[in-house]
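Undergrad: One structure coming up, written as structure tokens, with questions to follow.
Values in this text are rule-based calculations from the coordinates and carry no lab data. Bear in mind the structure is a predicted one, so any value in this text is a computation, not a measurement. With ideal geometry, Cβ positions are generated from the backbone for all residues, glycine too; neighbour counts draw on all protein chains shown.
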Amino acid sequence: MSATNTFENEVLQHWFNNANIANIGDATGLRGSSAAGSFYIALFTADPAESGGIGAECTLGGYARVAVARSSGGFTVSGSQITNTAKISFPVVTSGTETITHWGICKTSSGDDLMISGACSFDSAFDGTYTVNDRPVFNIGDLSTSLN
């Protein structure tokens, strides 16, 4: 079974931009939330894979998941692909050293609720290792994945 590209795009618009999907259910369609809220970006030291476990989530001192609005100000959805619309800056590292290899999108600021993950792509001069006084950052478009 395969979903059409149009439907994949509608689903991503619904999840990440809180948009309505027309003609599903009753005449009003599948409605966006009255309060869109946020998703939370997490960092991982290994691929959390489709099992969705957060055992490899970053443990750097000062680390916390970062909220990103479920709106076009937080995510761009186009052609069944999502990307971050704005820069995502994590807190400055206060202790520890870790190599970050993957990112994840979670429903809450803590807990085992990973929905989507992907590999980090870094400039060839950087291996993803963060230590004291570093600030992990995703520039616009750095976080990108598709629904396929």
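Undergrad: Quick one: angle between helix 5-17 and the longest Cα principal axis of the chain, in degrees between 0 and 90, rounded to 10, please.
TA: Roughly 60 degrees between the two axes.
Undergrad: Could you work out the local net charge near F39, counting Lys and Arg as +1, Asp and Glu as -1, over the other residues with Cβ closer than 12 Å to its Cβ? Display every interim value, and only then the final one.
TA: On the way: positive: R65, R70, K107; negative: D113.
Residues near F39 contribute +2 overall.
Undergrad: Put a dot 7 Å past each Cα toward the Cβ at I140 and A36; how far apart are the dots in nm?
TA: 1.6
Undergrad: When Lys and Arg each count +1 and Asp and Glu each count -1, what net charge do the other residues less than 11 Å away from L114, Cβ to Cβ, add up to? Spell out each step's value before the answer.
TA: Values: positive: R65, K107; negative: E50, E57, D112, D113.
Net charge in that neighbourhood comes out at -2.
Undergrad: Based on other C-beta atoms within 10 Å, arrange R135, R31, R65 from fewest to most.
TA: On the way: R135 11, R31 14, R65 21.
Ascending number of Cβ neighbours within 10 Å: R135, R31, R65.
Undergrad: Next question. Rounded to the nearest Å, what's the spacing between the alpha carbon centres of region 125-148 and region 21-96? Just the number, please.
TA: Each part's Cα centre sits 14 Å from the other's.
Undergrad: Can you compute the modelled spin-label distance between S71 and I21, with each label point 7 Å from Cα toward Cβ, in nm?
TA: If labels sit at S71 and I21, their model points lie 2.3 nm apart.
Undergrad: Which entry is the computed Rg/Rh (Cα atoms, Kirkwood Rh) for this structure: [x] 1.00; [y] 0.97; [z] 0.95?
TA: Correct label, based on the coordinates given: [x].
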